[in-house]
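Below is one structure, written out as structure tokens; comments come after it.
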Amino acid sequence: MSTNFVKKYDTIVLEDLNVSGMIKNRKLAKAISNLGWRQFRTLLEAKCDKCGK
């Protein structure tokens, strides 16, 4: 998914979310924790740097 974003778009904007605050919500905690937000952002940033975006 991150590779597709980098190839398709010239500008990518990411919002900083208060994930630690969102995890405090018991109904959403497990779903939010399992999503891997940090890993996706790290991959996306590395691929953007590699492609000069």
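Quick rundown of the values:
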item	result
Any hit, the stretch 20-29, residues being among the small types (G, A, S) and on the phi > 0 side of the Ramachandran plot	no
Condition check for K50: over 12 Å from S2 (Cβ atoms) and not β-branched (V, I, T)	no
When residues of the stretch 1-38 are limited to those that are of a type in the set (S, T, Y) and assigned to a helix (DSSP H, G or I), the one farthest from K50 (Cα to Cα)	S20
Selected residue (criterion: farthest from R41 (Cα to Cα)) from residues of the stretch 10-30 that are in contact (Cβ under 8 Å) with a residue 40 or more places away in the chain and not polar (S, T, N, Q)	D10
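Residue-wise test of (1) of a type in the set (S, T, N, Q); (2) surrounded by fewer than 10 Cβ atoms within 10 Å (Cβ to Cβ).
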position: T3; (1), (2): yes, no
position: Y9; (1), (2): no, no
position: L17; (1), (2): no, no
position: S20; (1), (2): yes, yes
position: I23; (1), (2): no, no
position: A29; (1), (2): no, no
position: I32; (1), (2): no, no
position: A46; (1), (2): no, no
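Every read-out reported here was derived from the displayed coordinates using simple, explicitly stated rules and does not represent laboratory data. Because the structure is a prediction, the values reported are computed rather than measured. Positions of Cβ are generated from backbone atoms using ideal geometry, with glycine treated the same way; all protein chains shown enter the neighbour counts.
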